[in-house]
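The structure under discussion appears below in the form of structure tokens.
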Amino acid sequence: MFLDLNMSLWYSWILCLVLLVIGIFLLVKCSDIFVGGSASIARKMKISPMIIGLTVVAFGTSCPELAVSVSDSITCLINGGNANVAMGNIVGSNICNLLIVLGFSAVFTPIIIKRSVCKKEYPILILVSVVFTIFTLLFGLNVDGVKTFAILRIEGIILVIGIILYVWYLVYDAKKQIKKGLVDENNTEEEIKEMKTSKSILYIILGAIGIVLGGEAVVFGSKNIAYGIGDLASLNKDLVESLVGLTIVAVGTSLPELVTSVVAAKKGENEIALGNVIGSNIFNILFVIGIAATVNPLTVGNQIWIDMVVMLAATLVVFIFALSGKINKMGGLTLLILYLIYLGYLILRTVNQANSNIYMIILFTLYAISFILVVIFTLIKKKKE
């Protein structure tokens, strides 16, 4: 989509804001419609609800992030520039899932964590996050003789292969547990409603169209807003674009996870919150970034390394909480405070680029202190037990 709006006109701002809001609404609503139609078709094919939940539903809930990132990837392919919204959307969404979604959920009801999660699912998330960071920061592109951070096409293909292997592992592990009688074959967190085939196909078509349009609207609105702010305030466009992608777009596309986890918390089913976040973050990296980078290599501004370090730090902090077996209300508040600190840093980094290094040092110092306190708290708690 071409970015040709004149952002010096007041009605261009209103148009972009409206498109951004409508785009996020379409992404959230139409992904539900798409998943509903797809799951119904799969159920008619006699596929067990558990397998549907691990495949159709899991892929479907990543559609908002996929639509935004692929749309931004195509926009960069046509117009050039960095894919700050695509990368910021995923990095920001993963940070949002770990700090906001789990934080809010734990404030409502303590999140009970099974030991198997720490032994199987969470180590996969850590591995995937580390690989994503290495791909982005160590292997890049030379743009006009300058080394630029990027996810290359070959790396995108590797990530796509990774999601295929991950889904195969999930299905294999589920079937093994079913055979052992450890789980019910019809057990799934998602309620799968069967509907007429014609209605299911209509849902799939309408959902797909809405997701594509929503992704285009979000990218168009967010990029023009970022460029407009950059021009008006004489700010670095990469930083403004990154701020919009890491916050507004990321939180918007994470709404399904947030709503699902908070509703589960109110019902006293908070143990599923961590599983949802782990699955979502793995899919975001392997599936969304993999597809987007395969379409077109994702170049990004140099500031992304700090955001990726924050993502890794948030992943490790939650893992330490998970080792204790529970994230209580205090832990939830800690996660929310960590996000507010990061948000404050993003704003300061964007509006005052000259002192960005000072803000970075403050950010890392606060996160280091928080990390040490979380480790000490976990050790003391384990010792008491």
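FYI, it's all coordinate maths here, none of it is from the lab. Model, not experiment: these values are computed from the prediction. With ideal geometry, Cβ positions are generated from the backbone for all residues, glycine too; neighbour counts draw on all protein chains shown.
A few points about this structure:
- Taking the average, over residues, of other Cβ atoms within 10 Å as the packing measure, peptides 108-119, 280-291 rank 280-291, 108-119 from highest down.
- Charge context of Pro64, other residues only, Cβ under 11 angstrom, K/R +1, D/E -1: -2
- Among the listed pairs Lys119/Lys326; Lys29/Lys223; Lys180/Lys326; Lys147/Lys237, those beyond 25 Å (Cα-Cα): Lys180/Lys326
- Protection proxy ranking, peptides 98-106, 230-238, average beta carbon neighbours within 10 Å, highest first: 98-106, 230-238
- All other residues whose Cβ lies under 11 angstrom from that of Ile211 are scored, Lys and Arg at +1 and Asp and Glu at -1, for a net of -2.
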